[in-house]
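Report on the structure given below.
Where a number appears in this text, it was derived from the coordinates with a stated rule and is not lab data. Owing to the predicted nature of the structure, the values given are computational and were not obtained by experimental measurement.
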């Protein structure tokens, strides 16, 4: 096999549409990097999932950062501390940033639904 390049950086985005974390290394699994885009942000007014590249009111989201601790994402605060993505404080933080009511929820597989979980807005590629 002829090599065609090298990996310069590996990033994981535990919360889709929010800035992620650089990794020194990772395992690859079916579905991609474990813990990547396992949560999302939703507009509580209409249930629409965040799409910063398409809708202007979502564009502040990438200014936040998320990391994975165990099997749960955390959201970084300006003071260097981290809060659980499922906490009410995380929802308040995202809502204040966006200036409308928003919530963070775990994703379910594309095309499915579950109580207190949201479906990703697109069928993603495992690695890109």
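Quick look at the numbers
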| read-out | value |
| --- | --- |
| Alpha carbon convex hull of region 10-106, volume per residue in cubic angstrom | 103 |
| Three-way shape label, region 20-72, alpha-carbon gyration tensor, a/c 1.5 | prolate |
| Length gained when the stretch residue 45-residue 79 is fully extended (0.36 nm per residue, less Cα-Cα span) | 9.3 nm |
